[in-house]
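Novice: First, the structure itself, so that you have it in front of you.
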Amino acid sequence: MSTTAFEDHASHAFVDPYAVDATDSRWPDPAGQHQDTDYLLAPPNPAERISYSIDPRDRRRLDLHAALTTAGIPPRPEDRDAIDQLSALPAGINTTLQRWLHHTA
């Protein structure tokens, strides 16, 4: 067998795609260096709150959703009509339902 030789004896440069030029590369700063970009929010000003009252029936509906979820019974979309009917009942009945659900959790 014969070996193949390059006819022109020019040097062929090897290019390493993973080589790093150390003169202009800079490692990223450690995580603790950027503390000035993260800050705590100011506490809310009660005078700037929106004055909005929620309807008692809507409040009972939200409370019933929360009580069911806390009891491990997350409401499904098909339960919406039943929850709406239950929230239409007087506040005392709704409170009793929530008490029963809290005791099951």
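The values are calculated or read from the model by the stated rules, or taken from the named source; none is laboratory data. Note that the coordinates shown come from a computational prediction; the quantities given were computed from them, not determined experimentally. Reconstructed Cβ throughout: ideal geometry from the backbone, glycine too, with neighbour counts over all protein chains shown. Side chains are part of the model used for accessible areas, which takes the heavy atoms of the whole protein and leaves out ligands, DNA and RNA. Shrake-Rupley method; radii C 1.70, N 1.55, O 1.52, S 1.80 Å.
Novice: Kindly indicate which of 92, 32 is modelled with pLDDT of 85 or more and part of a helix (DSSP H, G or I). Give the steps one after another, and end with the answer.
Specialist: Values: 32 fails: modelled with pLDDT of 85 or more.
Residue meeting the stated conditions: 92.
Novice: Scan segment 95-105 for residues that are open to solvent by 50 Å² or more (accessible area, probe 1.4 Å) and assigned to a helix (DSSP H, G or I) and jot them down.
Specialist: So the first thing to find is which residues in segment 95-105 are open to solvent by 50 Å² or more (accessible area, probe 1.4 Å), and the list is 95, 99-100, 102-105.
Result: 95, 99, 100, 102, 103, 104.
Novice: Turning to a different aspect of this structure: I need the full set of residues from segment 64-80 which are in contact (Cβ under 8 Å) with a residue 24 or more places away in the chain and buried (at least 16 other Cβ atoms within 10 Å of the Cβ), in order please.
Specialist: Keep residues of segment 64-80 that are in contact (Cβ under 8 Å) with a residue 24 or more places away in the chain, which gives 64, 67-68, 70-73.
Result: 64, 67, 68.
Novice: Right, here's the next one. Report, by residue number, each residue of segment 43-66 that is charged (D, E, K, R) and closer than 30 Å to residue 100 by Cβ.
Specialist: Here is the first cut: in segment 43-66, the ones charged (D, E, K, R) are 48-49, 55, 57-61, 63.
Listed by number, the residues that qualify are 55, 57, 58, 59, 60, 61, 63.
Novice: I would also like to ask the following. Go through segment 64-89 and give me each residue that's in contact with a Leu (Cβ under 9 Å, 6 or more places away or on another chain) and assigned to a loop (DSSP other than H, G, I, E, B).
Specialist: Residues of segment 64-89 that are in contact with a Leu (Cβ under 9 Å, 6 or more places away or on another chain), as a first pass: 64, 67-68, 70-71, 73-75, 79, 83, 86-87, 89.
71, 73, 74, 75, 89 - these are the residues of segment 64-89 that are in contact with a Leu (Cβ under 9 Å, 6 or more places away or on another chain) and assigned to a loop (DSSP other than H, G, I, E, B).
Novice: Can you work out which of the residues in segment 45-63 that are part of a loop (DSSP other than H, G, I, E, B) and open to solvent by 100 Å² or more (accessible area, probe 1.4 Å) is farthest from residue 77 (Cα to Cα)? Explain how you work it out, then say what you get.
Specialist: First pass over segment 45-63, keeping only residues part of a loop (DSSP other than H, G, I, E, B): 45, 49-55.
From what's left, open to solvent by 100 Å² or more (accessible area, probe 1.4 Å): 49-52.
On the way: 49: 32, 50: 30, 51: 30, 52: 27 Å.
Among those residues, the one meeting the criterion is 49.
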